[in-house]
Amino acid sequence: MFRFQDPQYLYLLAAVVVLALIRLITYSRQKRRLRKFGDPELLRELMPDVSRWRPGVKFWLLEAALALLIVMLARPQDGKKIGEEKRSGIETVIAIDVSNSMRAKDVVPSRLDRAKMMVENLVDNFTDDKIGLIIFAGDAFVQLPITSDYVSAKMFLSSIDPTMIQNQGTDLAGAISLASRSFTQQENVGKAIIVITDGEDHEGGASEAAKDAKDKGRNIYILGVGSTKGAPVPDPQTGSYMIDNQGETVMSKLNEDMCREVAKAGGGAYIHVENNSNAQRLLDEELSKLQHQESTVYSEYAERFQEVGLVALLLLILEVCILDRKNPLLKNIKLFKK
């Protein structure tokens with residue numbers, strides 16, 4: 001693999017083009033001035049030692065040497081050693097929806113409790129991975145910065161409750177954007193964002209946020225919790241169900257279309273959590289793809305500026321050896337005449 005270590009210096013090649021244009025313009029004006037003195041053939045007879053081709057050859061040798069010196073500054077290199085690089089672990093940021101609709105009991109014991117069970121099982125299967133926790137509703141907050149401390153992750157997980165966020169809703173875009181910023185700067189590590197939600201009261205912009213995260217190397221996986229048929233939302237204050245402004249019981253449905261759209265934009269997958277074991281298996285399969293990604297890398301690069309510099313030096317020496325005027329000792333040898 002060939003590359004330039006400092007490619008910004010290649011912009012200086014524009015100066016080579018500019019000098020060539022100046023040379024052509026100057027040469028054209030010089031020819032017009034000479035024609036004013038008389039017939040060109042007669043002028044050449046009057047100036048027998050003036051070479052017609054040597055100044056041009058010397059100029060183009062200097063141009064070539066200058067171009068090579070600029071290329072040398074850019075430090076040309078080629079890959080010397082090829083190896084296979086393998087990712088040994090992943091970083092996972094889990095965003096859990098804690099909006100009121102996650103209290104619905106269309107899955108047992110509730111949507112939120114099922115989500116917490118999923119995360120706990122996921123953590124139990126981690127070995128050389130890192131995890132971070134985010135909770136979101138109308139706002140999004142980091143509950144646990146990314147860490148390999150699984151005990152702390154389970155402790156924070158158990159304390160998650162909808163009362164932790166007063167601003168209700170489902171700001172999925174905000175949660176994904178926050179999760180995307182929560183990873184470490186470590187390279188060559190798979191990075192996954194797992195969002196567990198029912199998609200209710202979606203505020204928009206989630207697909208754009210997922211695409212932006214994907215462009216940064218994060219894969220988005222959406223775990224949809226709940227039923228598409230819908231279920232009433234319990235009200236812990238009254239012990240009954242929440243009602244809207246018209247006095248109707250609030251029914252919450254899993255928004256699968258939105259979940260699939262966001263997962264697709266994020267380069268991941270959508271998984272409907274009907275039972276924990278099946279969803280866990282599907283999620284493990286997806287995450288294992290990040291753990292076993294291999295890529296061809298060039299671990300060492302050999303410098304090639306020396307060869308370029310040598311050619312530039314030879315051109316400069318050749319330019320010095322060529323005189324502007326014809327050599328009296330070699331005037332009968334016409335190297336530059338057709």
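The values are calculated or read from the model by the stated rules, or taken from the named source; none is laboratory data. Keep in mind that what you see is a predicted model, and the values were worked out from it rather than measured. Here Cβ is always computed from backbone atoms with ideal geometry, including for glycine, and neighbour counts include all displayed protein chains. The protein model used for the area step is the full one, side chains on, heavy atoms only, and it has no ligands, DNA or RNA in it. Shrake-Rupley method; radii C 1.70, N 1.55, O 1.52, S 1.80 Å.
Taking the conditions exactly as written (surrounded by 15 or more Cβ atoms within 10 Å (Cβ to Cβ) and modelled with pLDDT of 90 or more), does V189 satisfy them or not? No. Can we say E261 is open to solvent by 20 Å² or more (accessible area, probe 1.4 Å), of a type outside the set (A, V, I, L, M) and more than 26 Å from V98 (Cβ to Cβ)? No. Would you confirm whether or not segment 310-329 contains a residue that is at pLDDT below 90, part of a strand (DSSP E or B) and under 30 Å from S180 (Cβ atoms)? No, the conditions are met nowhere in segment 310-329.
Residues that are without any contact (Cβ under 8 Å) to a residue 60 or more places away in the chain and surrounded by fewer than 12 Cβ atoms within 10 Å (Cβ to Cβ): does segment 221-237 have at least one? Yes, segment 221-237 contains at least one residue that is without any contact (Cβ under 8 Å) to a residue 60 or more places away in the chain and surrounded by fewer than 12 Cβ atoms within 10 Å (Cβ to Cβ).
Could you please find all residues in segment 266-293 being touching a strand residue (DSSP E or B) at 6+ places or on another chain (Cβ under 6 Å) and part of a loop (DSSP other than H, G, I, E, B)? Across segment 266-293, the qualifying residues are G266, G267, G268.
Yes/no matrix, rows are residues, columns are (1) of a type in the set (D, E, K, R); (2) modelled with pLDDT under 90; (3) more than 30 Å from D129 (Cα to Cα):
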position: I196; (1), (2), (3): no, no, no
position: H202; (1), (2), (3): no, yes, yes
position: G205; (1), (2), (3): no, yes, no
position: D212; (1), (2), (3): yes, no, no
position: D215; (1), (2), (3): yes, no, no
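Do the conditions hold for L318, that is, is it touching a Leu at 6+ places or on another chain (Cβ under 8 Å), of a type in the set (A, V, I, L, M), surrounded by fewer than 16 Cβ atoms within 10 Å (Cβ to Cβ) and over 23 Å from D124 (Cβ atoms)? So L318 fits the description; yes. Candidates F59, F136: the one that is among the aromatic types (F, W, Y), modelled with pLDDT of 90 or more and in contact with a helix residue (DSSP H, G or I) (Cβ under 6 Å, 6 or more places away or on another chain) is F136.
Among the residues of segment 210-220, those that are part of a helix (DSSP H, G or I) and in contact (Cβ under 8 Å) with a residue 40 or more places away in the chain comprise A210, K211, A213, K214.
Against the list (1) within 25 Å of the chain's Cα centre (by Cα); (2) at pLDDT 90 or above, the condition Q143 fails is (1).
With respect to the conditions (1) assigned to a helix (DSSP H, G or I); (2) over 21 Å from L112 (Cα atoms); (3) without any contact (Cβ under 8 Å) to a residue 12 or more places away in the chain, V151 lacks only one, and its number is (2). Considering only segment 158-183, state which residues are part of a helix (DSSP H, G or I) and open to solvent by less than 40 Å² (accessible area, probe 1.4 Å). Residues satisfying the conditions are P162, L172, A173, G174, A175, I176, L178, A179, S180. Being open to solvent by 30 Å² or more (accessible area, probe 1.4 Å), of a type in the set (A, V, I, L, M, F, W, C), within 26 Å of E256 (Cα to Cα) and out of contact with any Lys or Arg (no Cβ under 8 Å at 6 or more places or on another chain) holds for only one residue in M117, M155, and it is M117.
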